[in-house]
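Enquirer: Please find one structure pasted underneath; my questions will follow.
The values are calculated or read from the model by the stated rules, or taken from the named source; none is laboratory data. Fair warning: this is a prediction, and the values are worked out from it, not measured in the lab. Here the Cβ is made from the backbone with ideal geometry for all residues, glycine too, and neighbour counts use every protein chain on show.
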Amino acid sequence: MPPAATKSTLTGKTALNRRRFLSTSATAGAGLLILRNSRLAFAYEANSKLNIAGIGVGGQGRGSLDAFHRMGNNLVAFCDVDAKRAGDIYQKHPAARTFQDYRLMLDQMEKQIDAVLVATPDHTHAVAAVAAMKLGKHVYCEKPLTRTVHEARVMRETAASHKVVTQMGNQGSAEGRLRRAVELVWGGVIGEVREAHVWFDGGNGPMKRPVETPAVPEGLNWDLWLGPAPERPYSPVYVPASWRAWRAFGSGIVGDFACHTANILFRALRLEQLWQKSMNPGAGRVIIRLQAWPSEVDPEGYPTSLKVVMELPARGELPPVKTTWYAKEKPPEDLMLGYKRGGWGDLLVGSKGSLYSDNPWNANYVLLPESRFEDFRGGPPESLPRVQSHQWEWIEACKGNGKTFSSFDIGGPLTELAQLANLATLVEGPIEYDTLSGRILNSEAASHLLHREYRKGWVL
């Protein structure tokens, strides 16, 4: 979680800090008012408390739950399919009721919960978050928002129809430097952008299902861990850490980091407008064209390396832009204009210069070429709010104070792009995707990959 932002601007000579990780710091006042219904959260007083439940608390969710608690909010319920792994956080907050099935938790505690954190593996983000939103609960969901393209669309539409406050967990969004980078591009500092690149320092590789069937560890409910995914025997190659590399459960390095590393690209180029009917009046379709070149095609795992080219149409006065995504591969060195190319990258190539971030969380940036921006101190005035932290921003928005920067209106389309890139590695030739309908227009094989049938008992 990023520290409080400052209002300083970045000069062209500022070096990128490759060792900078997002620090955790969040404080807020604690009050006495506790509302029973999250639908009343917009009337919260500034010092009131939220009643928060956590789904998937044994891993990634710990940091956010600790932050919410430090802000003075109530942690009223925890759900994790692995009771042993989550045991220490249960002990840390003994007042919270504990569950293994989020459906049971929401059924029994609906009136006692205002907001929900979802930090499960990717394949259960959507079912858990949608269930909470349909009950009127505000939701903070870890990235990537979902495992499939269709799930991301349902998440966005459900949040809008139920008018709940949402935030995707790409914590770098709260960084002041990320927001300043977006403002500079919006202000025309690097000119018109028709080309952009994003790359990830590593890939995944083919996966082979294990043949051994060891016993399920004590405390783990394997059936609930599988959730909507197809049935398969338990194996330690899936849990706790390796699930990200399997298409059945995770999203590979692209899904894992695109919502971080492509954040400046997505926001600065206003790509969310491609999904907004209000920004495309009279348009029957808005078409994204993309094609992938993976190192190998594997239905179980993700490629060792890949390149995906996306051709994105104009957004209002902004011109069409060609974006190229890479895993393990890198863009041409000459695009760096003499600057050292890092292992990670988010590069916007403008008519007046380029903006580059080599921090996986987009927590820093530099303007290129350095010689041109050596004495740069100006740019447009700040237009985006500066916040204490990503989690703090969500809590405040739940209370009616401001909006979230990474709501599902943003996180949904960004996740759709990432999952379209993953989908494209399984089919030949270009794909034409209509952002308004959520349909692939030219490939039946690709269309079948937009979503998958859930196991009985699991629904969106």
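Enquirer: Can you confirm whether LEU271 is touching a Lys or Arg at 6+ places or on another chain (Cβ under 8 Å) and farther than 17 Å from LYS143 by Cβ? Let's see the steps before the verdict.
Expert: Numbers: touching a Lys or Arg at 6+ places or on another chain (Cβ under 8 Å): yes; farther than 17 Å from LYS143 by Cβ: no.
No, not satisfied.
Enquirer: Output the number of residues of the range 429-445 satisfying the condition of being more than 20 Å from ARG247 (Cα to Cα), assigned to a strand (DSSP E or B) and in contact (Cβ under 8 Å) with a residue 60 or more places away in the chain.
Expert: Adding up the residues that qualify gives 3.
Enquirer: While we're here: Checking the conditions here, which among PRO281, PRO236 is in contact with a helix residue (DSSP H, G or I) (Cβ under 9 Å, 6 or more places away or on another chain), surrounded by fewer than 18 Cβ atoms within 10 Å (Cβ to Cβ) and not charged (D, E, K, R)?
Expert: Result: PRO236 is the single residue among PRO281, PRO236 that is in contact with a helix residue (DSSP H, G or I) (Cβ under 9 Å, 6 or more places away or on another chain), surrounded by fewer than 18 Cβ atoms within 10 Å (Cβ to Cβ) and not charged (D, E, K, R).
Enquirer: Among helices (runs of 4 or more DSSP H) lying entirely in the range 169-265, which contain 3 or more residues that are among the charged types (D, E, K, R)?
Expert: Numbers: elements: 176-186, 222-226, 252-261.
Those helices (runs of 4 or more DSSP H) span 176-186.
Enquirer: Here's something else I'd like to know. Which residues, counting only those in the range 380-401, are surrounded by 17 or more Cβ atoms within 10 Å (Cβ to Cβ) and small (Gly, Ala, Ser)? Show your work before the answer.
Expert: Going through the range 380-401, the residues surrounded by 17 or more Cβ atoms within 10 Å (Cβ to Cβ) turn out to be 387-399.
Correct list: SER389, ALA397.
Enquirer: Only residues that are at pLDDT 95 or above, of a type in the set (A, V, I, L, M, F, W, C) and over 29 Å from VAL216 (Cβ atoms): list them for the range 43-75, please.
Expert: LEU50, ILE52, ALA67, PHE68, MET71
Enquirer: If you don't mind, another one. Counting just the residues of the range 210-221 that are out of contact with any strand residue (DSSP E or B) (no Cβ under 7 Å at 6 or more places or on another chain) and in contact (Cβ under 8 Å) with a residue 40 or more places away in the chain, which one comes out surrounded by the fewest Cβ atoms within 10 Å (Cβ to Cβ)? Walk me through how you get there before you give the answer.
Expert: Kept after step one, since they are out of contact with any strand residue (DSSP E or B) (no Cβ under 7 Å at 6 or more places or on another chain), are these residues of the range 210-221: 210-218, 221.
Add one more test, that the residue is in contact (Cβ under 8 Å) with a residue 40 or more places away in the chain, and what stays is 217-218, 221.
Working: PRO217: 14, GLU218: 8, ASN221: 14.
Step by step, filter the range 210-221, then rank; the result is GLU218.
Enquirer: Within the group GLU157, GLU175, which residue is of a type outside the set (Ser, Thr, Tyr) and either surrounded by fewer than 24 Cβ atoms within 10 Å (Cβ to Cβ) or touching an Asp or Glu at 6+ places or on another chain (Cβ under 8 Å) (or both)?
Expert: Just a single option satisfies the conditions, and that option is GLU157.
Enquirer: Determine whether the range 198-209 contains at least one residue that is surrounded by fewer than 19 Cβ atoms within 10 Å (Cβ to Cβ) and among the aromatic types (Phe, Trp, Tyr).
Expert: There is no residue in the range 198-209 that is surrounded by fewer than 19 Cβ atoms within 10 Å (Cβ to Cβ) and among the aromatic types (Phe, Trp, Tyr).
Yes/no matrix, rows are residues, columns are (1) part of a helix (DSSP H, G or I); (2) within 27 Å of ASN442 (Cβ to Cβ):
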{"site": "PHE373", "(1), (2)": "no, no"}
{"site": "PHE376", "(1), (2)": "no, no"}
{"site": "GLU382", "(1), (2)": "no, no"}
{"site": "PRO385", "(1), (2)": "no, no"}
{"site": "GLN388", "(1), (2)": "no, no"}
{"site": "GLU393", "(1), (2)": "yes, no"}
{"site": "LYS403", "(1), (2)": "no, no"}
{"site": "THR415", "(1), (2)": "yes, yes"}
{"site": "LEU420", "(1), (2)": "yes, yes"}
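Enquirer: Next question. In the range 291-314, how many are surrounded by 16 or more Cβ atoms within 10 Å (Cβ to Cβ), closer than 23 Å to VAL193 by Cβ and over 22 Å from the mean Cα position of the chain (by Cα)?
Expert: Qualifying residue count, the range 291-314: 1.
Enquirer: Scan the range 56-110 for residues that are charged (D, E, K, R), under 19 Å from LEU226 (Cα atoms) and not in a helix (DSSP H, G or I) and jot them down. Talk me through it step by step, then tell me what you get.
Expert: Within the range 56-110, the subset charged (D, E, K, R) is 62, 66, 70, 80, 82, 84-85, 88, 92, 97, 101, 103, 107, 110.
Going one step further and asking which of them are under 19 Å from LEU226 (Cα atoms), we end up with 80, 82, 84-85, 101, 103.
Scanning the range 56-110 gives ASP80, ASP82, LYS84, ARG85, ASP101.
Enquirer: Read through the list (1) surrounded by fewer than 22 Cβ atoms within 10 Å (Cβ to Cβ); (2) in contact with a Gly (Cβ under 9 Å, 6 or more places away or on another chain); (3) on the phi < 0 side of the Ramachandran plot, then give the number of the only condition that GLN419 fails.
Expert: (1)
Enquirer: Quick one: what pairs do we get from the range 184-195, first residue without any contact (Cβ under 8 Å) to a residue 12 or more places away in the chain and on the phi < 0 side of the Ramachandran plot, second surrounded by 14 or more Cβ atoms within 10 Å (Cβ to Cβ) and small (Gly, Ala, Ser), C-beta under 8 Å, 6+ apart or different chains?
Expert: none
Enquirer: Is it the case that the range 301-312 has a residue that's on the phi > 0 side of the Ramachandran plot and touching a residue at least 40 places away in the same chain (Cβ under 8 Å)? Spell out how you get there, then give the answer.
Expert: So in the range 301-312, the residues on the phi > 0 side of the Ramachandran plot come out as none.
The answer is no, given that none of the residues of the range 301-312 is on the phi > 0 side of the Ramachandran plot and touching a residue at least 40 places away in the same chain (Cβ under 8 Å).
Enquirer: I'd like to verify a number: residues in the range 284-305 that are touching a helix residue (DSSP H, G or I) at 6+ places or on another chain (Cβ under 7 Å) and outside any strand (DSSP E or B), how many?
Expert: Residues meeting the conditions: 1.
Enquirer: Report whether or not LEU65 is surrounded by 18 or more Cβ atoms within 10 Å (Cβ to Cβ), under 25 Å from the mean Cα position of the chain (by Cα) and within 18 Å of MET133 (Cα to Cα). Even if it seems obvious, please write down each step before you answer.
Expert: Values: surrounded by 18 or more Cβ atoms within 10 Å (Cβ to Cβ): yes; under 25 Å from the mean Cα position of the chain (by Cα): yes; within 18 Å of MET133 (Cα to Cα): no.
Criteria not met by LEU65.
Enquirer: Conditions first: (1) touching a strand residue (DSSP E or B) at 6+ places or on another chain (Cβ under 9 Å); (2) closer than 30 Å to VAL165 by Cβ; (3) assigned to a loop (DSSP other than H, G, I, E, B). LEU426 passes all but one, so which condition is the exception?
Expert: (2)
Enquirer: Right, another one. How many residues are crowded, with 16+ Cβ neighbours inside 10 Å, part of a strand (DSSP E or B) and of a type outside the set (Ser, Thr, Tyr) when one looks only at the range 315-329?
Expert: Selection size over the range 315-329: 5.
Enquirer: In addition: Hey, any hits in the range 120-131 for a residue that's in a helix (DSSP H, G or I), without any contact (Cβ under 8 Å) to a residue 40 or more places away in the chain, among the aliphatic types (A, V, I, L, M) and surrounded by fewer than 24 Cβ atoms within 10 Å (Cβ to Cβ)?
Expert: Looking for residues that are in a helix (DSSP H, G or I), without any contact (Cβ under 8 Å) to a residue 40 or more places away in the chain, among the aliphatic types (A, V, I, L, M) and surrounded by fewer than 24 Cβ atoms within 10 Å (Cβ to Cβ), one finds at least one in the range 120-131, hence yes.
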